[in-house]
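First the structure, in the form of structure tokens, and then the observations on it.
Derivation of every value follows stated rules applied to the coordinates shown; laboratory data play no part. Note that this is a predicted model, so its numbers are computed, not measured. Heads up, the Cβs are rebuilt from the backbone with ideal geometry, glycines too, and the neighbour counts pull from every protein chain shown.
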Amino acid sequence: MHTFTQAAGVTLAGLALATTAGNFRAGSGTTDHRIGTVPTVSASQTVTSQTSRATPISKTMILAFPFQGGHQRLINRGPKSLGPGDEFLSTDMPVLDNATGNRIGTSDAVELIVSTRHDGTVTSQGTLRLPGGHVELDGIVRHADSPFRVSVTGGTGRYLGVGGQLTMLQEDDVRKAVVMKLELVR
């Protein structure tokens, strides 16, 4: 089970701030973290054909979001620990195919803490930049929810018109990644 101080960083889509949130506990102000990424390789578990909006699809991908990579920033508006009004910002966070470990895209997200109740209640918006288009994520979630999941609200390119959900399967401390299942339907 994850706690607010750790999971507050799990931006929608488990966008890989899970353990880095612990780095933000002390102090106030703005903190900027820049961490290296992994090499780019395409993956096999993506929607493989250009489809029109009318073409039904159902696709499931198991993705890994490493704890490190991309650019992350916490805007801590309070004098103490994390709380309402604080924001996590992330760009260029690596998205990996969980089966192969190959990088298949990146993610960007904004998460605003609205309450410390339920291990952190947050509103979040995120974009998964995958081969052929983007998948948009949006919602208000509680980090205590089990399973932890967020809505897919749309997409671009080959993901135009999709809906679905992103569900956290596990925090893998050995691989230092959050493993999530992306389910897309049209």
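Multiply the residue gap between Lys80 and Arg129 by 0.36 nm, knock off their C-alpha separation, and tell me the result in nm, one decimal place.
Working: separation 49, 0.36 × 49 = 17.64 nm, distance 3.43 nm.
Gain on extension, Lys80 to Arg129, equals 14.2 nm.
Give me the net charge of Ser151's neighbourhood, meaning all other residues with Cβ under 13 Å from the Cβ of Ser151; Lys, Arg count +1, Asp, Glu -1. Don't jump to the answer; show the numbers that get you there.
Numbers: positive: Arg149; negative: Glu136, Asp138, Asp145, Glu183.
Once positives and negatives cancel, what remains is -3.
By the scheme Lys and Arg +1, Asp and Glu -1, what is the net charge of all other residues having a beta-carbon under 15 Å from that of Gly105?
0
Fewest to most neighbouring Cβ within 10 Å: what's the order for Glu136, Glu111?
Lowest count first: Glu136, Glu111.
Figure the gain on full extension for Thr167 and Thr91 (residue separation times 0.36 nm, minus the Cα-Cα span) and round it to one decimal in nm.
Between Thr167 and Thr91, full extension yields an extra 25.3 nm.
Through the Karplus equation 6.51 cos²θ - 1.76 cosθ + 1.60, θ set to phi - 60°, convert the phi angles of the stretch 156-170 into ³J(HN,Hα) values in whole Hz; use x for Gly and Pro.
3J(HN,Hα) across the stretch 156-170, in whole Hz: 10, x, 5, 9, 4, x, 7, x, x, 7, 10, 10, 6, 9, 6.
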